[in-house]
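Since the structure comes first, as structure tokens, the remarks are kept for the end.
The values are calculated or read from the model by the stated rules, or taken from the named source; none is laboratory data. All figures in this text were calculated on a predicted structure; none of them were measured in a lab. Virtual Cβ from ideal backbone geometry, glycine too; neighbours counted across all protein chains shown.
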Amino acid sequence: MSEKIVTIILARMGSERFPNKNIAPLFGIPLYLYTVEHARQLGYPCYFVTDYNDLYLPEFVNVVKEKKEYATGDHNQNAELIKSLNLDADIYILLQVTSPFRNIDGIRIATDIMISNEEIDIYFSVSKPIKKLYYHGHNEPVNFKQKDRTYSYTGAKEIYQETGSYYIFRKRQLNKKHIMDGRRYSIQEPYNIDIDTQEDLLKIEGKIIEY
């Protein structure tokens, strides 16, 4: 059976640490356009869900205006938002809008693995795991209620610096108690960059220029 696959980009305005980070320029290009280009390269129907009113988006993008009740952006609310779109799809590729660099071939391989293995519920990218009780590289205590940041099914508490720059998951995940429940596979991607603060943005520009 041929799987129907769609790409989803969620672009909300509500960041408190870095207001309007989705449109912040990296080398003169707004962050969201990097992710839109990745969606174009993947070649699946793309749905761009946003509460911005005046973004430039290419014609291949299906723009969906976001409902206010889904504005916080945690995984469960993302699931409710995606369900409300009523998309005809078996597999969803959710691209983090503030990740300007990705291994597109890695996403294609992960998608092919999911197509060939019905038992896999979700496949996502992560950064290097750390053993400290902090996450996102900041001095913030870990909230163990955020199950997506731990591997509780192994009995270990491995904390990742960032959640994935992409999540590939089956439609059935939308009806589970938590979108990350089930058989999960993750891969450490060297391109897994998620910009949370203006400091992150400047740091990335500096590293790229340096090399």
Could you tell me which numbered condition Val64 fails, if it satisfies all but one of (1) modelled with pLDDT of 95 or more; (2) closer than 19 Å to Leu85 by Cβ?
-> (1)
Conditions (1) modelled with pLDDT under 90; (2) crowded, with 17+ Cβ neighbours inside 10 Å: number failed by Glu16 | (2)
What is the number of the single condition among (1) of a type in the set (Ser, Thr, Tyr); (2) in the same structural domain as Met13 (by TED's automatic domain parsing); (3) at pLDDT below 85 that Thr111 does not meet?
-> (3)
Cβ-Cβ under 9 Å pairs, at least 6 apart or on other chains, segment 14-41 side among the charged types (D, E, K, R), far side at pLDDT 95 or above and buried (at least 17 other Cβ atoms within 10 Å of the Cβ) = Arg40/Cys46; Arg40/Val61
Checking Leu42, Leu31, Leu85, Leu94 in turn, the sole residue that is in contact with a strand residue (DSSP E or B) (Cβ under 8 Å, 6 or more places away or on another chain) and surrounded by fewer than 16 Cβ atoms within 10 Å (Cβ to Cβ) turns out to be Leu85
Can we say Ala79 is closer than 30 Å to Lys177 by Cβ and among the small types (Gly, Ala, Ser)?
-> yes
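Starting from residues that are among the β-branched types (Val, Ile, Thr) and in a strand (DSSP E or B), keep the ones in segment 32-50 and report whichever is nearest to Val61 (Cα to Cα).
Among those residues, the one meeting the criterion is Val49.
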Residue, surrounded by the most Cβ atoms within 10 Å (Cβ to Cβ), within segment 176-199, restricted to residues that are closer than 14 Å to Leu31 by Cα and either touching a Phe, Trp or Tyr at 6+ places or on another chain (Cβ under 8 Å) or at pLDDT below 70 (or both) | Ile195
Considering only residues that are more than 16 Å from the chain's Cα centre (by Cα) and not small (Gly, Ala, Ser), look in segment 1-13 and name the one that is surrounded by the fewest Cβ atoms within 10 Å (Cβ to Cβ).
-> Met1
Does Tyr92 fit the bill of being modelled with pLDDT of 90 or more and either in a strand (DSSP E or B) or within 26 Å of Ile29 (Cβ to Cβ) (or both)?
-> yes
